[in-house]
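One structure is given here, and the rest of the page talks about it.
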Amino acid sequence: MAGNTEEYSDFTSNPTPLEVQDEDGLITTDTVKHNNDYDDTTDTESSSEKDESESYDKEETERLKSEAKERQRCEDEMTEEEREKLNRESNGLKKKGNDFFREKEYTDAFNMYTKSLLVCPLCYTKDRAIMYSNRAACYMKMEKYESAIEDSSKAIELDTGYIKALLRRAELYEKTDKLDEALSDYQRVIELDPSIHSARAACVQLPEKIKDRNEKLKDEMFGKLKELGNLVLKPFGLSTDSFKLQQNPETGSYSINMQNTPKNS
């Protein structure tokens, strides 16, 4: 496997603000704005559309696997010098992406990081991890949070100890209300470096947020069950008020008991 012959640059990602780092030093950009209206799901998608989407996803996955195998085969036939030359070229493209990012030209920066990934040999895993992480920063700036999560995950797959990518993904999970996943990433960061204050603070705050969210979801679920129960019981002259819900303090499970309704005098 070829080693990395050049010092590479990276984005430093604390929860906020987002930063870009290169050989000239650390440059901080503006804080990422969270788009509360962002939603990549739809309730109106038909079953046929879902089937077509799943079929396309499978075909696309197979195509990507085939391309990856062919690319690996081609790279295996290269000389060490040829791989190093491609790596230098990819790092040059990445640096151009950094320049665009500092100018807040996020689409151009994204395109440069994508080109650098296409050029960079697969054996340079740490370089490729940085390129994916930098591209995730562009997605984040463009408020495409799910895509940013995907690229952050690719970076972490290539470099499991990549703290900056873990911090970025944790923040993205928080922005998309995936609090359990965010907590898991912050805990992993602390395992790697206990001195990171932002991760330690998140590990203190998130469990309470998760508890509050779960309580809210539970109340909403019980409210819907109560509405359904009243619909079923109404023909029998009963309602959910005729029953008492009790929680077992030891197991956390619930039991339902019928209450004696006071008779009219």
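Every number here is computed from the coordinates shown, using simple stated rules; none is lab data. Values in this document were obtained by computation on a predicted structure and should not be read as measured data. No Cβ is skipped: glycine too gets one built from the backbone with ideal geometry, and neighbour counts run over all protein chains shown.
With contacts taken as Cα pairs under 8 Å and at least 6 residues apart, the range 108-147 reaches a relative contact order of 42 percent.
Among the listed pairs K126/K175; K115/K154; K178/K224, give every one whose C-alpha distance is greater than 20 Å. Going by Cα-Cα distance, K126/K175; K178/K224 fall outside the 20 Å limit.
Packing-based ranking of 156-162, 107-113 yields 107-113, 156-162, ordered from highest to lowest mean Cβ neighbour count within 10 Å. Distance between the 7 Å Cα→Cβ label points at E75 and R63: 2.1 nm. Sorted largest first, the principal axis extents computed over the alpha-carbon atoms of the range 92-201 equal 36, 30, 21 Å.
The length gained by stretching the chain between S184 and N248 to full extension, at 0.36 nm per residue less their Cα-Cα distance, is 20.1 nm.
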